[in-house]
Amino acid sequence: MCCNLITPLGRLVPAAKQTAPKVLLVSNTSWYLYNFRLPLLQNLRAHGYVVELVAPHDAYTALLEAEGFTVHPWLVARSSVNPLSEAHALIDLLRIYRRETPDLVHHFTIKACLYGTIAAKGARIYRVINAVTGLGHVFLGTRKRSRLLRTAIKPVYRAAFKARRSTVVFQNSDDQETLIQLGITDGERARLIRGSGVDINRFKPSADSAGQFHDPLQVLFPSRLIREKGIAELLQACRSLWANGVELELLVAGALDSGNRSALTPAELAELRANQRIRCLGHVEDMQLVYAASDIVVLPSWREGLSRALIEAAAMERPIITTDVPGCRDVVDHGISGLLVPQRDARSLVLAIRLLLENSALAKRFGKAARQKVVSEFQVSLVNESTMQQYSRLLAASLDRKPLLKGIF
């Protein structure tokens with residue numbers, strides 16, 4: 001007996017005729033897809049999608065394959081600006097799209113968004129989601145090189161993000177408004193989905209410990225060791241506190257990022273490790289234990305897409321100090337669920353740490369409110385539901401097929 005089935009689009013079709021939509025999720029690292037999008041991949045598969053991935057193979061590829069996902073290798077270098085290498089990366093992605101013929105492609109990270117939209121045009125793929133995970137040096141840099149590069153590449157961004165086949169997903173409203181004002185995208189294509197979400201059952205306090213400080217105070221910096229995360233300002237603040245007799249230990253949970261031009265040097269990392277009041281933990285897979293062992297989480301970042309580390313810390317009821325910048329102030333409500341300070345301001349970090357150290361009841365209240373905000377706004381089930389609604393919307397829409405050579409994208 002043949003039964004009707006419900007597709008991910010919500011339509012009833014005979015079982016013999018059903019074809020599950022095939023989607024490709026594309027990034028410039030397998031690391032990103034495993035660490036930030038694994039719950040989405042699992043949810044999509046559970047809802048009947050054929051889910052495959054495209055990314056350079058790295059140490060996390062095998063973990064994704066162990067979860068049952070095919071990872072098509074993409075020959076792209078994350079930090080390369082060599083024209084020949086970049087042309088090869090684009091051609092390689094076009095080849096993958098033509099071979100795999102997905103119904104929808106979902107791009108993460110900027111190279112995937114730009115090259116993926118062009119490749120989708122060449123492969124005649126009409127449903128494209130471009131996820132902006134942060135604006136990066138091109139749009140935020142103030143040096144002459146950044147300004148020249150921004151001017152040169154702006155038409156390419158506009159062509160990709162205003163493409164009729166493209167939906168552009170932002171993690172915070174500041175980034176969305178910036179690109180709309182620059183004419184790179186518009187309100188018709190832009191959508192706001194706040195981050196990748198956090199599993200509130202995994203990241204939860206094991207005890208009512210917010211505001212119950214260790215001696216010495218445990219201050220956690222949960223980030224890669226790049227300058228834009230504010231590591232220098234935090235070190236300056238800690239040195240000031242140490243000089244004034246404050247007993248605290250700085251926990252640094254993050255590794256050097258060799259693919260980032262602003263990463264700390266090995267010599268600078270060695271200097272951190274030589275300080276007996278700093279514990280360099282490197283990259284930590286199981287961050288719940290580190291959050292649980294910390295008293296205050298400090299991330300003085302210059303800008304974020306939406307800080308996953310802050311959301312995890314908030315879910316663990318840790319009192320948070322962060323900067324009043326996009327992607328950080330979205331997570332923390334100043335004076336309610338944490339403290340916001342100006343960016344690149346070590347003195348303000350000193351004052352904020354002292355305030356919490358001397359007001360344990362306030363720190364506890366911040367921690368409780370922080371978790372409540374995560375539960376209502378950032379838990380992974382809510383974020384994935386919003387993402388899958390975009391999939392359903394695009395797959396349900398009729399295709400606007402036009403001649404291959406008409407228009408740019």
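Could you grab me the full set of residues in region 31-61 that are surrounded by 18 or more Cβ atoms within 10 Å (Cβ to Cβ), touching a residue at least 40 places away in the same chain (Cβ under 8 Å) and not in a helix (DSSP H, G or I)?
Within region 31-61, Tyr49, Glu52, Val54 meet the criteria.
Going by the structure shown, is Gly230 outside the structural domain of Ile153 (by TED's automatic domain parsing), free of Cβ contacts under 8 Å to residues at least 24 places away in the same chain and on the phi > 0 side of the Ramachandran plot?
It is false that Gly230 is outside the structural domain of Ile153 (by TED's automatic domain parsing), free of Cβ contacts under 8 Å to residues at least 24 places away in the same chain and on the phi > 0 side of the Ramachandran plot.
A quick yes/no check of all residues on (1) touching a residue at least 40 places away in the same chain (Cβ under 8 Å); (2) surrounded by fewer than 24 Cβ atoms within 10 Å (Cβ to Cβ); (3) among the aromatic types (Phe, Trp, Tyr); (4) not in a loop (DSSP other than H, G, I, E, B):
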| residue | (1), (2), (3), (4) |
| --- | --- |
| Glu285 | no, yes, no, no |
| Val298 | yes, no, no, yes |
| Ser301 | yes, yes, no, no |
| Gly305 | yes, yes, no, no |
| Ala314 | yes, no, no, yes |
| Glu317 | yes, no, no, no |
| Leu339 | no, no, no, yes |
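Name the residues in region 112-124 that are touching a helix residue (DSSP H, G or I) at 6+ places or on another chain (Cβ under 7 Å) and surrounded by fewer than 22 Cβ atoms within 10 Å (Cβ to Cβ), would you?
Leu114, Ile118, Gly122, Ala123
Can you give me the number of residues within region 200-220 that are in contact with a Pro (Cβ under 9 Å, 6 or more places away or on another chain) and modelled with pLDDT of 95 or more?
The qualifying residues number 0.
Only residues that are farther than 28 Å from Gln390 by Cβ and among the acidic types (Asp, Glu): list them for region 59-85, please.
none
Would you point out which residue out of Leu64, Leu93, Leu75, Leu84 is in the same structural domain as Gln390 (by TED's automatic domain parsing), assigned to a loop (DSSP other than H, G, I, E, B) and either more than 18 Å from the chain's Cα centre (by Cα) or at pLDDT 95 or above (or both)?
Leu75
Over 16 Å from Ser30 (Cα atoms), crowded, with 18+ Cβ neighbours inside 10 Å and not aromatic (Phe, Trp, Tyr): does that describe Leu94?
Spelling it out, Leu94 is indeed over 16 Å from Ser30 (Cα atoms), crowded, with 18+ Cβ neighbours inside 10 Å and not aromatic (Phe, Trp, Tyr).
Could you run through region 233-260 and say how many residues are without any contact (Cβ under 8 Å) to a residue 12 or more places away in the chain, of a type in the set (Gly, Ala, Ser) and either within 17 Å of Arg273 (Cα to Cα) or assigned to a loop (DSSP other than H, G, I, E, B) (or both)?
2
Is region 43-58 home to any residue that is under 21 Å from Thr387 (Cα atoms), of a type in the set (S, T, N, Q) and assigned by TED's automatic domain parsing to the domain that holds Gln171?
yes
The values are calculated or read from the model by the stated rules, or taken from the named source; none is laboratory data. Just so we're clear, the structure is a prediction, and the values are computed from it rather than from any experiment. Virtual Cβ from ideal backbone geometry, glycine too; neighbours counted across all protein chains shown.
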